[in-house]
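Let me begin by presenting the structure, written as structure tokens, before commenting on it.
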Amino acid sequence: MITRTDRARQRADEPGHPAKAKSNGKAEGEGRATEKRQGVQLLALALGFVMATLDVTIMNVAGPQLRSGLDLTLSGLTWVVDGYVLVFASLLLLAGSLAGRFGARRIYLAGLGLFTAASLVCAVAPVAGVLVAGRLAQGAGAALFMPSSLTLLMNAFPGGPERARVLGIWSAIVSTAAGVGPAVGGLLVGGLGWRSIFLVNLPVGLAALVLARRYVAPLPGRAMPLGAGGHALGLVALAALAYGLIQGPETGWGAAPVLAAFAVALLAGAAFAVRERATGTTARVLPGALFANARFSTANAVGFLFNLGCYGGMFMLGLFLQNARGASPMEAGLQLLPTQMVFLLGNVLYAKVGHRVGNRVALAGSLLYAAAGTTALAVVISPGLPYWALAVVLGVFNTGLGVASPAMTGALMDAAGREHASIASATLNANRQIGTLVGIAVMGAVLAGAGGWYAGAAASFGLAGGAYAAAALLAWFGLRAPRADRAVHASGPGARTLPG
């Protein structure tokens, strides 16, 4: 028997009923509010990366004004540019552990605050020493907020298609900052002077602090030992390696300080590895689960090779366009712009299809695609090749790198899990940073010994293509999901074979 209450419920469930429409409207409003909040969270966590990325690329065009404005020597300018990189690379592992211990949002906010305050110090620096100190403090701030930002992002968007979409958007924001950096730097320096490249960080940093404090949920830390001994060894190893790679091109690879730095890096790195593997070590820098995780190690190796080829190649291309093609620094920055902005297309492509094919397939395929195009350039580069042809080939194949970047981050987070996200992100960033330094050093050595700019460019493109191809093979064979995971996934309802 159907009661009056049952008939009322049936009418309320009909599509046109006012109660149903009110319910749908409420759900749609809540959905829009959630999307808006997520968008603000993404912006708050991306702004730090944008500042740090811009400050690296902007500095590439500010050198002459800095030297004249503060009467800098060449060595002083090197420390203004590379001191930031040295401190940043050295502190990443410690910063990842601090985020795990004290909470990712707390460390993220501390890093943003330090970076913003250091930017003000740089902007008002009356002498070279103050500017160098400010740049070192900027590097420390960036080391704090970079791993934490990725941890908070993965916590806000835990998985599935949504994570792939967010990683794609995240990478697109960072790629845009990297791509427009030289052009923005040229406009700021040319129109407002070198101090403006630091002043621009103040409103961005303050906005990031306010938005992150208001919209990003705290992520509690876990009571765990920091492993001060391991961090000390890691810091010494990374700092010594970065110093040797930065100073090698300046003072010569056979100079005593450079050789000493590499020796210290080797000894400290070996001691770090022994300590981490020792069975009695309870306070490891890398948790045992990560140390024994082949997919985690593979993702880090891929990150190293990716940055070696990508940033080493950009370094070479900037010099090539100016010295072989006669472009001014501003013209070279503008000519590089279209070849870098296509990273956005790859980022968007990953956001749309990354969750369907899986990170392993996306990463291996996109790197192999980039390797093919870069190797082709090594064959065809010549004085007769017009700029537009060079830009088209680089643009088409750099979309592969745009796919690879978020796929690499996704693969690392899949391997590490949310529990170890902070230290995993710090490890990837450290490996990528060292990859950048190695790539620049190697490309510089190749250009110096090739006997001409076109021969040097061909060799450099070949080297970058080889790095991408090696990374593609590593991704394909080293990022397979464990057999147990594949079996469990395949046995469930509606099962399918995992892409990874």
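The values are calculated or read from the model by the stated rules, or taken from the named source; none is laboratory data. It should be emphasised that the depicted structure is a prediction, and the values quoted were computed from it without experimental measurement. Virtual Cβ from ideal backbone geometry, glycine too; neighbours counted across all protein chains shown. Accessible surface is based on the protein model in full, side chains and every heavy atom, while ligands, DNA and RNA are left aside. Shrake-Rupley method; radii C 1.70, N 1.55, O 1.52, S 1.80 Å.
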Give just the number: which of (1) within 23 Å of Trp453 (Cβ to Cβ); (2) touching a helix residue (DSSP H, G or I) at 6+ places or on another chain (Cβ under 7 Å); (3) open to solvent by 40 Å² or more (accessible area, probe 1.4 Å) does Leu344 not satisfy? (1)
Has the range 447-457 got any residue that is small (Gly, Ala, Ser) and under 30 Å from Gly103 (Cα atoms)? no
Give me the pairs, please: first residue somewhere in the range 255-278 and closer than 12 Å to Leu241 by Cβ and in contact (Cβ under 8 Å) with a residue 24 or more places away in the chain, second residue anywhere and among the hydroxyl-bearing types (Ser, Thr, Tyr) and buried (at least 17 other Cβ atoms within 10 Å of the Cβ), beta-carbon distance under 9 Å, and either six or more positions apart or on two chains. Val264/Tyr243; Ala265/Tyr243
Residue count, the range 223-242 (criterion: at pLDDT below 85 and buried (at least 21 other Cβ atoms within 10 Å of the Cβ)): 5
Test set (1) surrounded by 14 or more Cβ atoms within 10 Å (Cβ to Cβ); (2) modelled with pLDDT under 85 - Ala299 fails condition number: (2)
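Okay, residues lined up against (1) outside any helix (DSSP H, G or I); (2) open to solvent by 30 Å² or more (accessible area, probe 1.4 Å); (3) of a type in the set (Asp, Glu):
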{"residue": "Gln65", "(1), (2), (3)": "no, yes, no"}
{"residue": "Val80", "(1), (2), (3)": "no, no, no"}
{"residue": "Tyr84", "(1), (2), (3)": "no, no, no"}
{"residue": "Leu93", "(1), (2), (3)": "no, no, no"}
{"residue": "Arg101", "(1), (2), (3)": "no, yes, no"}
{"residue": "Arg106", "(1), (2), (3)": "no, yes, no"}
{"residue": "Thr116", "(1), (2), (3)": "no, no, no"}
{"residue": "Ala125", "(1), (2), (3)": "yes, no, no"}
{"residue": "Ala133", "(1), (2), (3)": "no, yes, no"}
Residues of the range 197-213 classified as open to solvent by 10 Å² or more (accessible area, probe 1.4 Å) and touching a residue at least 12 places away in the same chain (Cβ under 8 Å), total: 9
Would you please name the residue that is nearest to Leu136 (Cα to Cα), looking only at residues in the range 243-261 that are open to solvent by 60 Å² or more (accessible area, probe 1.4 Å) and in a helix (DSSP H, G or I)? Tyr243
Where a residue in the range 413-439 is β-branched (Val, Ile, Thr) and its partner, wherever it lies, is assigned to a helix (DSSP H, G or I) and open to solvent by 30 Å² or more (accessible area, probe 1.4 Å), with Cβ under 7 Å and at least six apart: Ile434/Leu241; Ile434/Phe304; Thr436/Tyr311
Identify all residues within the range 363-398 that are buried (at least 22 other Cβ atoms within 10 Å of the Cβ) and of a type in the set (Ser, Thr, Tyr); write none if there are none. Ser366, Thr374
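Which ones in the range 263-281 are surrounded by fewer than 17 Cβ atoms within 10 Å (Cβ to Cβ) and assigned to a helix (DSSP H, G or I)?
Ala263, Leu266, Leu267, Ala270, Ala273, Val274, Arg277
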